[in-house]
1. Taking Rh as the Kirkwood radius computed over C-alpha pairs, what is the Stokes-Einstein D of the stretch 116-268 at 4 °C in a medium of viscosity 1.567 mPa s, expressed in µm² per second?
2. Which one of 204, 101, 252 has the biggest mean-square fluctuation once the chain is modelled by GNM with Cα springs under 10 Å?
3. Given contacts defined as C-alpha pairs under 8 Å and at least six residues apart, what's the relative contact order of the chain, whole-number percent?
4. Looking at the chain as a GNM with Cα springs under 10 Å, which of 82, 239, 127 has the largest mean-square fluctuation?
5. Using the alpha-carbon centroid of each, what span in Å lies between the stretch 111-137 and the stretch 93-107?
6. How would 41, 134, 120 line up from fewest to most surrounding beta-carbon atoms within 10 angstrom?
7. Quick one: order 96, 64, 56, 69 by neighbouring beta-carbon count within 10 Å, fewest to most.
8. Which of the three applies to the stretch 155-245, rounded, prolate or oblate, going by the alpha-carbon gyration tensor with a ≥ b ≥ c and a/c under 1.5 meaning rounded?
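Each value in this text was obtained by applying a stated rule to the coordinates, not by laboratory testing. In this text the structure is predicted, and so the values were computed from the model without any measurement. Heads up, the Cβs are rebuilt from the backbone with ideal geometry, glycines too, and the neighbour counts pull from every protein chain shown.
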């Protein structure tokens, strides 16, 4: 069955159910004050209704710097080196970080390494899983039928492994996210063995792990384990609106997991 829910709709729906956790020392409304380290939302998108000017103004209001990402590929605005160069040059006019969020594997072959090197970072998730029939399983859709949970986890882990081993990325986003139809089994499905596999692969290439506020992933257990192995973390919202820069779950994990500035991915 074809889903009528886009990635954009998905994040809007997911953010509605987010638990808001307020930290008196850091938060006044949705403005973050007196943080012991720079607060950065590396996962912000622009739209016709959420322009770069609006994003910059919101960033100042929240005291959170934004990293802007766009999807490259034949179905998106950034298809060629010329598109990518124009994108980078336009965003360099503003006080934001400039990134990309590829969706499909092997995307980078369409762009020069020199131009990709001008980006501040590349962020990628594993929510679009390639299938044998050249189709894709988009696990953020709410009407997917998955016959075998065990079979899915095997396929999912293989896809994650391929991303962490071979894709030119700096941040792995939405790590440990599960389809909504069996997300309640999160603690059972994310065994220590699976968590360690992700952590070890990310560590080998110094890939940071995103802590997603709207999705509330990864779990505290995963973060503590990753921290013990020396991994770095980022905050992300995947927002395309005024939810950008709302880092409540990330800050909750900072307190509960004892994260410090040294545990965060930094570009400066």
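1. Numbers: Rh = 16.1 Å.
The diffusion coefficient I find is 80 µm²/s.
2. Of 204, 101, 252, the Gaussian network model singles out 204 as fluctuating most.
3. Details: 423 pairs, mean separation 61.0, N = 268.
Taking the mean separation of contacting Cα pairs over the length of the chain, I get 23 percent.
4. 82
5. Distance between centres, Cα-based: 10 Å.
6. 134, 120, 41
7. Details: 96 20, 64 23, 56 17, 69 27.
With the sparsest Cβ surroundings first, the list reads 56, 96, 64, 69.
8. Working: a/c = 1.44, a/b = 1.13, b/c = 1.28.
Note, shape of the stretch 155-245 comes out rounded.
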